[in-house]
Structure formats: C-alpha cells, structure tokens
Amino acid sequence: MQDADPKLIELLRQGKRILLFTGAGISTGSGIPDFRGPEGVWKRRQPVYYHDFMRSEAARIEHWEFKLEGWAGYRDAKPNATHEAIVRLEKAGKVEAVVTQNIDGLHQKAGVAAERVIELHGSMFSVVCVSCGDRSPMKEALARVEAGEADPDCPRCGGILKSATVMFGQRLDPGVFARAERAARGCDLFLAVGSTLTVEPAASLCGIAAASGAALVIVNAEPTPYDTLAAEVIREPIGTAVPRITRQLLGNPRGPGA
Ligand code: ZN
C-alpha cells in the first residue's frame, strides 16, 4: 500500500494544469453522507424532485424539513486529510480548478481559493429565489423554517425559495457547467477522486478532458465506467491514497521537504 507510484508521480510532476474532480467519496470521512451509495440517504428516503417542488407546497415543506435535518451535519463538518492534501497541491501551483459534485463547501473550508472551486451541484450553504435569482445564506432561511415558516418565500420578491443545490430532475446551471467544461478542455491532468463517475453530465467531463489530450487518473474504491480511458487507476482508500501521493510529490507537510 505504501509503495510509490512512479508513473503517477511522474504524471503529477509533469501536470501543470491539474483539474481535481471530486465526489462524495472524499467527504464521507468528514461525516457527510453519500446520498447514492449502498448505505445512502436515497435508499431510505425519496428525494424531492424539482418538478414536484415547483408545483406542490407539500413537496417544498418536505424539502425544508430535509434541509433542516441535515443542516448541523454540513455546518459542523470539518475538512479531512484528503481535502488538506488537495489544498497542498493547490498552494504548490499545480491545480487549475477543483470541480466538485459535492455541496458541502469543504474544499473552501480547507482553504482552496473560492474562485478555483466549481460546484457542479451547487452549495448547501445558500438559498436562491427561482423568480428573481436572489441568493442568501441557508442559515437565514432555516431560521425562518424553525420559527414556523414551513415554506419560506423570497424576502425580495415573494418568489419560491430553494436551496442552491441541483435537485433531481433539475438541470445543472449552464454557466457553471460551461466553466467546468472549459477547465476540462484546458487541463493537462484530470484527477478524479472519490466519484463513481456515473452521474451525468458531470462524469462526461472525464471524456472531454481525455479527448482534449489530458491524462486521466482515477482514485476510487469501486470501478468506474471511465477506468478504461485512464492512464492510472488507484483502488486504495481515498483517505490514505491522496495524502500519500501528495507527500510523495511535495514531501512531508511538516518536514524539511514541505
Ligand atoms: Zn425573489
């Protein structure tokens, strides 16, 4: 397990514009549930679909109950060793963008520059008005829910308010996806960490990067549909693999090689 990966280290050494693509697997170590995994939330509970959310007050009430239930977990979550290793890569000037499927904000909490983080599925920490687009903090909306407004409306225009996350049945924000596509076309190494690479169109970014000439490296516990395209596939647990690779590349964080 502790063996060096000479091929991978060489790829990382050569990579000048690395795109980090991250999924749920990197946040489970911080106590964030993996919604789609075998023990995932969606095995116990029906997600609220965008179509229903827009048409039914009952669906919106359920949406807010669910957000309130999960809130403390997101608010209190701390970045783990994988998030910290990614920050080291970024500070070393290797990382062009961090494209994430996660809504937990842990890359920014760990210290990755916010402008480098592209949140494909939005953020749990904001709410957005579907009419006027006004964004405000999730904690303010949840305080209203707790105070008895089961379906809080937009303070500016009275429109429907929702979490700034992409719901089932809702399109990804085209502007956000376009940024991610540009980053995928421009990177020289696409490092996918902790994603099953099964949720589209997010996963298609791998193919876009590979078609543009980038090397693809996949770190995930389970096989992914893109493994055959990859220059290297690492099956080791993410929480040990990513910090180890980073140490091999950049030296020990507290040692003279840091
Ligand atoms: Zn509004």
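The values are calculated or read from the model by the stated rules, or taken from the named source; none is laboratory data. Not measured: the values here are computed from a predicted model. Positions of Cβ are generated from backbone atoms using ideal geometry, with glycine treated the same way; all protein chains shown enter the neighbour counts. Ligands, DNA and RNA are stripped out before the accessible areas are found, and what is left, the full protein with its side chains, is counted by its heavy atoms. Shrake-Rupley method; radii C 1.70, N 1.55, O 1.52, S 1.80 Å.
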Limited to the range 178-193, what total is found for residues that are open to solvent by 10 Å² or more (accessible area, probe 1.4 Å) and part of a strand (DSSP E or B)? 1
Out of the range 196-218, which residues are surrounded by 15 or more Cβ atoms within 10 Å (Cβ to Cβ) and within 30 Å of Cys129 (Cβ to Cβ)? Val199, Ala202, Ala203, Ser204, Leu205
Residue list for the range 150-177, filter: within 15 Å of the ligand (Cβ to nearest atom), in a loop (DSSP other than H, G, I, E, B) and either open to solvent by less than 40 Å² (accessible area, probe 1.4 Å) or touching a Phe, Trp or Tyr at 6+ places or on another chain (Cβ under 9 Å) (or both): Asp151, Pro152, Cys154, Gly159
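The rows are residues; the columns are (1) more than 16 Å from the ligand (Cβ to nearest atom); (2) touching a Leu at 6+ places or on another chain (Cβ under 8 Å).
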site	(1), (2)
Phe66	yes, no
Thr82	yes, no
Lys91	yes, no
Thr100	yes, yes
Asp104	yes, no
Ser131	no, no
Subset of the range 73-101 (residues that are in contact with a strand residue (DSSP E or B) (Cβ under 6 Å, 6 or more places away or on another chain) and assigned to a loop (DSSP other than H, G, I, E, B)): Lys94
Please tell me if Val99 is in contact (Cβ under 8 Å) with a residue 60 or more places away in the chain, assigned by TED's automatic domain parsing to the domain that holds Tyr50, hydrophobic (A, V, I, L, M, F, W, C) and surrounded by 13 or more Cβ atoms within 10 Å (Cβ to Cβ). no
For the range 219-251, how many residues are in contact with a Lys or Arg (Cβ under 9 Å, 6 or more places away or on another chain), outside any helix (DSSP H, G or I) and crowded, with 22+ Cβ neighbours inside 10 Å? 2
Which number in (1) assigned by TED's automatic domain parsing to the domain that holds Arg45; (2) open to solvent by less than 10 Å² (accessible area, probe 1.4 Å); (3) not acidic (Asp, Glu) marks the one condition that Leu106 misses? (1)
Consider the range 133-149. How many of its residues are within 16 Å of the ligand (Cβ to nearest atom) and part of a helix (DSSP H, G or I)? 4
Can you tell me which residue within the range 109-127, out of those that are open to solvent by less than 30 Å² (accessible area, probe 1.4 Å) and not in a loop (DSSP other than H, G, I, E, B), is farthest from the ligand (Cβ to nearest atom)? Ala110
One residue from Gly70, Gly37 being outside any helix (DSSP H, G or I), modelled with pLDDT under 95 and among the small types (Gly, Ala, Ser): Gly37
